[in-house]
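Have a look at the structure below before the remarks.
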Amino acid sequence: MSHQATLAHVEAVIERVVEVGLQPEVTRGEDRSVVAVVGANAYAYREAFSHLPGIQEILQISKPFKLASREFLPHNSVVHVGGVPVGGPEVVMMAGPCSVENEEMLIHTARFVKSRGARILRGGAFKPRTSPYSFQGLGEAGLKMLATARDETGLAVVSEVVAPADVDLLCRYVDMLQVGTRNMQNYALLQEVGRSGKPVLLKRGMSSTIEEWLLAAEYVLSQGNRGVVLCERGIRTFETSTRFTLDLNAVPMVRQLSHLPVVVDPSQGTGRWALVRPMSLAAVAAGACGLIVEVHPEPDLALSDGAQSLDFDNFTTLMSDLQRLEAVTTPQPA
Ligand code: PEP
Ligand code: MN
């Protein structure tokens, strides 16, 4: 409360706190009073309280996200994606083309990435493209190809869902639903993937803060779906020489704030294939528990994101470098 606040002002605040079902804890100092507001979701009333007279400032003490927070679950959570544990001691590689282009290239790529140690196959069937004239993906036909690739290789499969109405369809074919950067704050979609109960790969919005990202995770978690894996994929900055700026600060920061597994996408994060290997190694060194990397048999011919896709030789080099790095990095403590 401000220095000028009267006893009546303080009483009015306390009354209002009780009215909305929260618990007031009042400290009356020499100089001024402090009213602590205790209860789930107390911060949501911030706007409503801000009009009461005599208030100097409303400060947030506890974090606005609860289920995603480290306080809620002190140990690291592990998300099982079609039998593959993400968030445990093993660094999990998810790899495959940006888009599913045809069955032959998908299966060829799936077999290859599996032979080099990938555990999960990625591939977009519904592509959220910046331009409506760019390749939009094969839709359900692409999902069927992913399911075939899973049957042929035993890899688990992750693919992006762009609309709430498509969630059921995706769930019939994939092991994990990807929510893309452009949809991180699509709350209807977050609730629908939450209700589906499928593991979710939640990309960070390219202009979102870490807090907004964790609140997006909270939307999924609060539907009873505890299978959220966070994915740092680069943010917009003033820098133009790379497609995005891969924010690796976010990895140890989120691990402090949250128990959820964090993986990194150095393909979208850099936009350049030559930067994918060094940034993958940096991500693992920073504590990422997995990577999602774009791989294409002929990146020059890719229908999307060829410039950031690794060819088979470069993927092989990356996997052997990662194995050497893993031998010297110990799993991060909780
Ligand atoms: C992708 O993984 O191909 C993709 C479109 O990701 P993002 O949403 O991070 O741009
Ligand atoms: Mn892509």
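The values are calculated or read from the model by the stated rules, or taken from the named source; none is laboratory data. Please read all numbers here as calculations on a predicted model, not as lab measurements. Every residue, glycine as well, gets a Cβ built from its backbone with ideal geometry; the counts of neighbours run over all protein chains shown. SASA here: full protein model, heavy atoms, side chains in, ligands and nucleic acids out. Shrake-Rupley method; radii C 1.70, N 1.55, O 1.52, S 1.80 Å.
Loop-located chymotrypsin sites (Phe, Trp or Tyr not before Pro) in region 146-253 (DSSP state not H, G, I, E or B) with no more than 16 neighbouring Cβ atoms inside 10 Å: F238. Surface composition of the chain: carbon plus sulfur atoms hold 52% of the accessible area, using a 1.4 angstrom probe and ignoring ligands, DNA and RNA.
Which order do you get for H80, H259, H9 if you rank them by accessible area with a 1.4 Å probe, largest at the top?
On the way: H80 115, H259 10, H9 55 Å².
The ranking, largest first, comes out as H80, H9, H259.
Just check region 128-246 against the gyration tensor rule for me: Cα atoms, a ≥ b ≥ c as the square roots of the eigenvalues, rounded for a/c under 1.5, and otherwise prolate or oblate depending on whether a/b exceeds b/c. Numbers along the way, then the final one.
Details: a/c = 1.79, a/b = 1.23, b/c = 1.46.
Judged from the Cα gyration tensor, region 128-246 comes out oblate (a/c at least 1.5, b/c at or above a/b).
Comparing P164, P199, P132 in a Gaussian network model of the chain where C-alpha atoms under 10 Å apart are linked, the largest mean-square fluctuation is found at P132.
Let's see if you can work this out: charge +1 on each Lys and Arg Cβ, -1 on each Asp and Glu Cβ, no other charges. What is the dipole magnitude of region 179-237 about its Cα centre, in debye to the nearest 20? The dipole magnitude comes to about 220 debye.
Mean-square fluctuations from a GNM of the chain, with a 10 angstrom spring cutoff on Cα atoms, peak among G29, G117, G96 at G29.
Taking square-rooted eigenvalues a ≥ b ≥ c of the alpha carbon gyration tensor, is region 1-77 rounded, prolate or oblate, where a/c under 1.5 means rounded and, failing that, a/b exceeding b/c means prolate? It comes out prolate by the Cα gyration axes. A 1.4 Å probe run over the protein chains yields, for the chain, 46 Å² of accessible area per residue, whole-number rounding. For the chain, relative contact order (Cα pairs under 8 Å, six or more residues apart, normalised by length) works out to 16 percent. Once Lys and Arg get +1 and Asp and Glu get -1 on their Cβ, which of L248, L215, V18 lies farthest toward the positive end of the dipole of the chain? Final value for the positive-end residue is L248. With one equal scatterer per alpha carbon and no solvent term, the Debye-computed log10 I(q)/I(0) for region 33-107 at 0.17 1/Å reads -0.82.
Lysine pairs, Cα distance under 21 Å, 8 or more residues apart or cross-chain: how many in the chain? It would help to have the intermediate numbers written out before the result.
Details: K63/K203; K66/K198; K66/K203; K114/K144; K127/K144; K127/K198; K127/K203; K144/K198.
Number of lysine pairs found: 8.
Given +1 on the Cβ of Lys and Arg, -1 on the Cβ of Asp and Glu, and no further charges, what dipole in debye does region 78-193 carry about its Cα centre, rounded to the nearest 20? Don't jump to the answer; show the numbers that get you there.
Working: 11 positive and 12 negative charges, 64 e Å.
In total the dipole reaches around 300 debye.
Percent of Cα-Cα pairs more than 18 Å apart in region 184-238, please. Percent of Cα pairs beyond 18 Å in region 184-238: 25. Pairwise Cα distances in the chain exceed 35 Å for 28 percent of all pairs.
Accessible area of M145 (1.4 Å probe, protein heavy atoms only, ligands and nucleic acids ignored): about 30 Å². Residue order by solvent-accessible surface for E19, E294, E326 is E19, E326, E294, largest first, with ligands and nucleic acids left out and a 1.4 Å probe.
Could you grab the relative contact order for region 141-239? Cα pairs under 8 Å, six or more apart, rounded to a whole percent. All intermediate terms of the calculation are to be shown ahead of the outcome.
On the way: 169 pairs, mean separation 22.7, N = 99.
That works out to 23 percent.
P(r) for region 103-146, from all Cα pairs and a bin width of 5 Å, is 5, 22, 23, 21, 16, 9, 3, 1 %, short bins first. Compare V254, V20, V228 in a GNM of the chain, Cα atoms joined below 10 Å, and give the one with the largest fluctuation. Most flexible of the set in this elastic network: V20. With the convex hull drawn over the C-alpha atoms of region 215-310, the volume per residue is 119 Å³.
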